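Colleague: My structure is below; once you've seen it, I'll send some questions.
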Amino acid sequence: MKNKEMTFWLFITPVLLSLSLVVILPVLMGIFYSFTNWDGLNFTAFVGMDHYRRLIGDEQFLQSLWFTVRFALTSIILLNVIGLGLALLVTSKLKSRNLLRTIFFMPNLIGGLILGFIWQFIFIRVFSTIGDVIGVEVLKGWLSTPATGFWGLVILTVWQMAGYIMIIYIAYLQGVPKELMESAEIDGATPGQKFRHVIFPLIAPAFTVTMFLTLSNSFKIYDQNLSLTGGGPYNSTQMVAMNIVDTAFSGNQMAYGQSKAIVFFVIVAIISLSQVYYNKKREVDL
Amino acid sequence: MKKKKWSIYVLEVFGLLLGLVWISPFYLMIVNSFKDPRGIFSNVLTPPSELNFVNYQQAFEDLQFVRSFFNSLMITVASVVIIILFSSMAGYALARNKSKLSSMILLLFVAAMLIPFQSVMIPLTSNFGQIGMLNRVGLIIMYLGFGCSLSIFLYHGAMTGISVTLDEAARMDGANKLQIFWRIIFPLLKPISVTVAILNVIWIWNDYLLPSLVLGNSSQTIPIRMFYFFGQYTRQWHLALAGLTIAIIPVIIFYFTSQKQIVEGVAEGAVK
């Protein structure tokens, strides 16, 4: 018995140790530091709720938070609509379906940093050229205003992640029984009716998965933000993740940055926990 | 019947057009990477008049591509091997041990997935800095810490399909726990190991923020080098685009050589 316990610990010690060093200890220290005047190395005093009080009046942080919320909501709607559309397209009888699947998924493998730089070129150089040629003013000056920065980030994110969402929907679509589709066809259902009354109810569980996945992913975006807009113009497109990095490492306000990081943690945890809650509830309903 | 054929045809054309739109950023990147600044200015949409590799030569040198490629490769491979090694062992131990403590430890790993990177990065880099571990070894340990949760979760799930009778038979034959795991169980976990490897390779290869905080200016990876390179050549699109193309080539090769496993692995990781 003793021997058995020994091997158990032997097998889990490496991961337990690294998780403690890398995640658990830092998050506990982070909570603690957010109540002190920690400078990255030492602290000399407790400041209580000062950082959190300051945070409520920090316009840049609140603006980043609001921008992130708007960005996340816009992205999850577009990502799910387009992701599902792509999934339906590549599971249809098209000859090009395999090629299309390859193409749609490709951006997903490349880092957000690199994709952001590519799209910077598209938005700044290509858009303005096309705008000149066809005489559309809307295509000029992209990424130089808050609105175009916002939509630029949305387009980049949707383009990058739609293939990922597509893959998840495909997994669920393949679970729709063929017999069901065939009998619907025999009963004379149109493609629209088949989708609404047969496919849609059967893939409903996929929505919970993709909704929360896209929500927490869009909330945590950093690389794309950094490379596409860099937060500009005038920090108007700065998201929460970037605001935290900037406060801590550029602004050198470690404890204050950490208090933002804790608020960020709480928001992300609430999003993820409600996902777990809804999943559990759905399983019970079934 | 005729109507149906016609609608399939329309859908086919629509699909192909959408596919073209989808890859157009790559097309635009590649065609303009061969032009000089004037060529990009005069026409951004058409293919280059000649295949000129001058931009590539300079980008290749300025990216220090050979060095950053091998740095990225070394960090990715080492991290992924360690993640597979230790996560599979832990997944196995946690699945076979039915005690309350065991399920609580599993819950701890799953709960740790809720914590976003930005919430731990400041104390993390400070701690590792104080013990002189802001280097590649420290980075690999961090990847194990961040990556092990999902990997253990996947291994633990896969273990439910592997019967305990296998362990018992091997024990009868005189194998110890370590031998049972490495000789019997680990080979059976191969499909999930492929999934774990793919998910972690995609993440670690492309990761920018963590290595930039840990490695700083030394031993740079492709994303870090790309960031500095781009800053250096702001608005010098011909060089920037050549650099971006070079940086993407390894990923594209990886994608086309193991596309099936990648798509399956990503689906498995997401749906769970």
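The values are calculated or read from the model by the stated rules, or taken from the named source; none is laboratory data. Because the structure is predicted, anything quoted here is derived from the model rather than measured. In this analysis, Cβ positions are derived from the backbone assuming ideal geometry, glycine residues included, and neighbour counts consider all displayed protein chains.
Colleague: Any residue in the range A:32-45 that is among the aliphatic types (A, V, I, L, M) and within 28 Å of the chain's Cα centre (by Cα)? Give the derivation first.
Modeller: In the first step, residues of the range A:32-45 are kept if they are among the aliphatic types (A, V, I, L, M); the result is A:41, A:45.
Next, from what is left, pick out any that are within 28 Å of the chain's Cα centre (by Cα): none.
No, the range A:32-45 contains no residue that is among the aliphatic types (A, V, I, L, M) and within 28 Å of the chain's Cα centre (by Cα).
Colleague: Could you please tell me which pairs satisfy a Cβ distance under 6 Å, a separation of 6+ or placement on different chains, a first residue in the range B:177-199 that is within 30 Å of residue B:252 (Cβ to Cβ), and a second residue that is at pLDDT 90 or above and small (Gly, Ala, Ser)?
Modeller: B:189/B:88; B:189/B:158; B:192/B:158; B:196/B:151
Colleague: Does the range A:127-137 contain at least one residue that is more than 10 Å from chain B (Cβ to nearest Cβ) and hydroxyl-bearing (Ser, Thr, Tyr)?
Modeller: no
Colleague: So, one more: With the requirement that a residue be farther than 13 Å from residue A:115 by Cα and of a type outside the set (D, E, K, R), what does the range B:28-40 give you? Spell out how you get there, then give the answer.
Modeller: Initially, the range B:28-40 is screened for residues farther than 13 Å from residue A:115 by Cα, giving B:30-40.
Scanning the range B:28-40 gives B:30, B:31, B:32, B:33, B:34, B:37, B:39, B:40.
Colleague: Check off (1) at negative phi; (2) modelled with pLDDT of 85 or more; (3) more than 13 Å from chain B (Cβ to nearest Cβ) for residue A:195 and give me the number that stays unchecked.
Modeller: Result: residue A:195 fails condition (2) only.
Colleague: Give the range A:218-269 a look and list any residue that's out of contact with any Leu (no Cβ under 9 Å at 6 or more places or on another chain) and of a type in the set (S, T, N, Q), or say none.
Modeller: A:235, A:236, A:238, A:247, A:250, A:252, A:253, A:258
Colleague: Looking only at helices (runs of 4 or more DSSP H) that lie completely in the range B:1-86, which have at least 3 residues being under 33 Å from the mean Cα position of the chain (by Cα)? Don't jump to the end; show me each part of the working.
Modeller: Details: elements: B:2-33, B:37-42, B:54-62.
Once the helices (runs of 4 or more DSSP H) in the range B:1-86 are filtered for at least 3 residues that are under 33 Å from the mean Cα position of the chain (by Cα), what remains is B:2-33, B:54-62.
Colleague: Could I ask something else about it? Conditions first: (1) more than 13 Å from every other protein chain (Cβ to nearest Cβ); (2) at pLDDT below 90; (3) out of contact with any Gly (no Cβ under 7 Å at 6 or more places or on another chain). Residue B:44 passes all but one, so which condition is the exception?
Modeller: (1)
Colleague: What number of residues within the range B:109-147 satisfy the criterion of being outside any loop (DSSP other than H, G, I, E, B), facing another protein chain (nearest Cβ under 7 Å) and of a type outside the set (A, V, I, L, M, F, W, C)?
Modeller: Step one: filter the range B:109-147 for residues outside any loop (DSSP other than H, G, I, E, B), giving B:109-112, B:117-130, B:136-147.
Filter again for facing another protein chain (nearest Cβ under 7 Å), leaving B:109, B:112, B:118-120, B:122-124, B:126-127, B:141-142, B:144-146.
Next, only the ones that are of a type outside the set (A, V, I, L, M, F, W, C) stay: B:118-119, B:123, B:126-127, B:145.
Count: 6.
Colleague: Output the number of the condition that residue A:147 fails; it satisfies all remaining conditions of (1) more than 8 Å from every other protein chain (Cβ to nearest Cβ); (2) without any contact (Cβ under 8 Å) to a residue 60 or more places away in the chain; (3) among the aliphatic types (A, V, I, L, M); (4) not in a helix (DSSP H, G or I).
Modeller: For residue A:147, the exception is condition (4).
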